[in-house]
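Worksheet for the structure shown next.
The values are calculated or read from the model by the stated rules, or taken from the named source; none is laboratory data. All values reported here derive from a predicted model rather than from experimental measurement. Cβ coordinates were reconstructed from backbone atoms using ideal geometry, including for glycine residues, and neighbour counts include every protein chain displayed.
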Amino acid sequence: MLVSARSFADYRAMFALTERDLEQRILDCPAGAASFVAEAGRRGVDAVAVDREYAFHREELGLMVELETRFKCPTLVREAKDFVWSWYADPHDLARQWIGNARLFRADIAARPERYIAGELPELPFHNGSFDLVLSSHLLFSYGNRLGEDFLRAGLLELARVARREVRIFPVTVYDTGERHPGLDRLREELGGLGIASRVERVAYEFQPGSDELLVLSCARYRARARTVPPGAAAVDPVRWRHREGGA
Ligand SMILES: C[S@@+](CC[C@H](N)C(=O)[O-])C[C@H]1O[C@@H](n2cnc3c(N)ncnc32)[C@H](O)[C@@H]1O
């Protein structure tokens with residue numbers, strides 16, 4: 001699986017983030033070598049990144065993505081007709097941006113290591129409701145055909161468990177087919193039965209043709225019904241949570 005390095009601007013568009021959203025405590029899962037948390041931190045946003053790769057590679061992940069992006073750029077040039085060039089101008093622009101983002105990631109993970117937590121879905125090392133808003137891009141539905149529907153269900157529920165307000169997942173299409181994940185409606189119905197209402201929204205970010213839809217899960221009712229700490233996990237508090245200081 002490709003480890004990618006999208007930016008704060010990419011995330012803002014993919015997840016339709018408003019100024020109000022950015023006042024909240026945010027989890028980026030999986031974050032890969034994205035610079036969202038780095039750039040958000042500069043703006044004073046309380047954001048944390050989690051990825052399974054952080055257990056093995058940390059600062060060097062940024063370098064790996066930089067080298068991989070350089071290596072894959074000629075392939076992207078050859079396959080350019082398969083993608084939409086409205087967000088990125090062309091393959092060279094994409095490569096330039098991702099390399100810059102990977103460098104920001106690398107500097108930030110060195111400067112603020114407590115913001116980058118090793119964790120693997122479907123079991124994250126956080127207490128229930130640790131974040132207001134959870135963002136998840138380019139894993140669950142994107143690789144859904146390889147991960148399987150049971151993993152998807154467990155992953156979605158785990159993201160909902162750690163979210164006080166909302167989970168946003170982008171895109172809802174499968175990378176290999178470009179089609180909406182075949183289990184999307186079924187999973188939404190199951191989540192609805194557990195008190196997690198959902199909606200699909202079109203957003204102003206499209207790179208793979210037709211992949212411009214965001215799934216939003218409303219978690220407030222689910223969180224109230226399912227307060228448990230992951231079995232055997234040492235729950236991490238990477239920063240001093242405001243709601244815990246307030247005793248909520
Ligand atoms: C395509 S990248 C997306 C990164 C970032 N969201 C972005 O858009 O740039 C997918 C990431 O998922 C991570 N990953 C794969 N399986 C995971 C799992 N079970 N739990 C946590 N992270 C996982 C990989 O290490 C990789 O960094």
Practice problem: Would you tally the residues in segment 112-126 being surrounded by fewer than 19 Cβ atoms within 10 Å (Cβ to Cβ) and either more than 14 Å from the ligand (Cβ to nearest atom) or part of a loop (DSSP other than H, G, I, E, B) (or both)? | Solution: 4
Practice problem: Output the residue which, of all residues in segment 29-56 that are surrounded by fewer than 17 Cβ atoms within 10 Å (Cβ to Cβ) and within 18 Å of ALA111 (Cβ to Cβ), is farthest from the ligand (Cβ to nearest atom). | Solution: GLY44
Quiz item: Any residue in segment 73-95 that is in contact with a Lys or Arg (Cβ under 9 Å, 6 or more places away or on another chain) and among the charged types (D, E, K, R)?
Solution: no
Quiz item: Can you name the condition, by its number, that LEU2 falls short on among (1) surrounded by 20 or more Cβ atoms within 10 Å (Cβ to Cβ); (2) modelled with pLDDT under 95; (3) of a type outside the set (Ser, Thr, Tyr)?
Solution: (1)
Quiz item: For segment 134-220, list the strands (runs of 3 or more DSSP E) that sit wholly inside it and hold at least 1 residues that are touching a Gly at 6+ places or on another chain (Cβ under 6 Å); which are they?
Solution: 163-170
Quiz item: In segment 88-111, is there at least one residue being surrounded by fewer than 21 Cβ atoms within 10 Å (Cβ to Cβ), aromatic (Phe, Trp, Tyr) and out of contact with any strand residue (DSSP E or B) (no Cβ under 6 Å at 6 or more places or on another chain)?
Solution: yes
Practice problem: Scan (1) within 13 Å of the ligand (Cβ to nearest atom); (2) in a helix (DSSP H, G or I) for the single condition ARG96 breaks and write down its number. | Solution: (1)
Quiz item: Which residues, counting only those in segment 142-158, are more than 16 Å from GLY32 (Cβ to Cβ) and buried (at least 22 other Cβ atoms within 10 Å of the Cβ)?
Solution: GLY144, LEU152, LEU156
Quiz item: When segment 2-24 is examined, which residues are found to be assigned to a loop (DSSP other than H, G, I, E, B), of a type in the set (A, V, I, L, M) and either within 12 Å of the ligand (Cβ to nearest atom) or touching a Cys at 6+ places or on another chain (Cβ under 6 Å) (or both)?
Solution: LEU2, VAL3, ALA5
